[in-house]
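Encoded as structure tokens, the structure appears first; notes follow it.
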Amino acid sequence: MIETKRMAAEIEGDFVIFLIGMRINKWWKVGKWLPASAAMPRMLKELKGRPELGLLHARAHFNFPNAVLIQYWRSFEQLHAYAVDPSAAHLPAWRAFNRAIGSSGDVGIWHETYLVRAGQYEAFYHNMPAFGLGLAGQLVEATGARKSARGRLKLTDGADQPS
């Protein structure tokens, strides 16, 4: 549903933004990149079925030859615990990737982890369905102090927003 009001996102406490991606460097080597790309949906299914593991929300973006997955986690400890758990889907997939591709250059992978302290973020949406942090946390109307980016960061009362 498109929300036509000006909205902001809020989330209780600290959280983690984890970006993970893949780049297909040699598109003709389908046998190399297809298994790597098929691993992530299995992990997401596992994580969505077990919210206690800490994943709050994930969204994929594709722009050939790149794929990026934006993930919001409750904590770095939960993200790391999942990454190294031998009974979870990630570690076997990581090991399989290293065996099959290693440093061949056929498929690139990367990730970035951002630890976000409570209140040290701001998010704004207008004429949008729920998106990003608004799905990981909650959407609230961007009025009062939430009217401006500085206000959402609690630096002003929101009156600094130009009309």
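Throughout, read-outs are computed from the coordinates displayed, never taken from laboratory work. Since this is a predicted model, take the numbers as computed values, not measurements. Here Cβ is always computed from backbone atoms with ideal geometry, including for glycine, and neighbour counts include all displayed protein chains.
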(request) Give, as a single signed number, the net charge of other residues whose beta carbon lies under 12 Å from the beta carbon of Gly119, with Lys and Arg counted +1 and Asp and Glu -1. (result) -1
(request) Could you tell me which of rounded, prolate or oblate describes the range 82-163, using a ≥ b ≥ c as the square roots of the eigenvalues of the alpha-carbon gyration tensor, with rounded for a/c under 1.5 and, failing that, prolate when a/b is larger than b/c and oblate otherwise? (result) prolate
(message) Let me spell out the model: positive unit charges on the Cβ of Lys and Arg, negative unit charges on the Cβ of Asp and Glu, origin at the Cα centre of the range 1-126. What dipole size does that give, in debye rounded to 20?
(response) 620
(message) If each residue of separation counts as 0.36 nm, what is the full-extension length gain between Thr113 and Arg59 once their alpha-carbon separation is subtracted?
(response) 17.9 nm
(message) If I take the Cα coordinates of the range 1-57 and project them onto the principal axes, what are the three extents in Å, biggest first?
(response) 46, 30, 22
(request) With θ set to phi - 60°, apply the Karplus curve 6.51 cos²θ - 1.76 cosθ + 1.60 along the range 152-158 and write out the HN-Hα couplings as whole Hz, x wherever there is a Gly or Pro. (result) 5, 8, 6, 9, 9, 8, x
(message) Please enumerate, by chain and number, the lysines with C-alpha under 26 Å from the C-alpha of Lys5, excluding those fewer than 8 residues away in the same chain.
(response) Lys147, Lys154
(message) Suppose a student asked you for the relative contact order of the chain, using Cα pairs under 8 Å spaced at least 6 residues apart; what percent would you report?
(response) 39
(message) Quick query: amide H of Ala123 versus all other amide H atoms, modeled in the peptide plane; which residues come in under 5 Å with a sequence gap of 5 or more or a different chain?
(response) Ala9
(request) Take Ile2, project a point 7 Å from its Cα along the Cβ direction, then tell me which residues of the range 113-140 have their backbone nitrogen under 14 Å from it. (result) 126-130
(request) Show the residues, 5+ positions off or on another chain, whose built amide H is closer than 5 Å to the amide H of Arg6. (result) Ala142
(request) Work out from phi, with θ = phi - 60° and the Karplus expression 6.51 cos²θ - 1.76 cosθ + 1.60, the ³J(HN,Hα) of each residue of the range 134-149, listed in order in whole Hz, and give x for Gly and Pro. (result) x, 8, 6, x, 9, 8, 9, 5, 8, 10, x, 5, 6, 5, 10, 4
(message) Normalised radius of gyration for the chain, please: alpha carbon Rg relative to 2.2 N^0.38 Å, two decimal places.
(response) 1.22
(request) May I ask you to evaluate 6.51 cos²θ - 1.76 cosθ + 1.60, the Karplus curve with θ = phi - 60°, for each residue of the range 57-72 and list the ³J(HN,Hα) values in order in whole Hz, giving x for glycine and proline? (result) 6, 9, 8, 9, 9, 10, 8, 3, x, 10, 10, 10, 10, 9, 10, 10
(request) Work from the charge dipole of the range 15-116 (Cβ charges, +1 for Lys and Arg, -1 for Asp and Glu, about the Cα centre) and give the residue of Ala36, Ala60, Leu19 farthest towards its positive end. (result) Ala36
(request) May I ask for the distance between the Cα centers of the range 83-139 and the range 24-43, given as a whole number of Å? (result) 17
(request) Place +1 on the Cβ of every Lys and Arg and -1 on the Cβ of every Asp and Glu in the range 95-163, take the dipole about the Cα centre, and give the residue among Thr113, Leu139, Ser163 whose Cα lies farthest towards its positive end. (result) Thr113
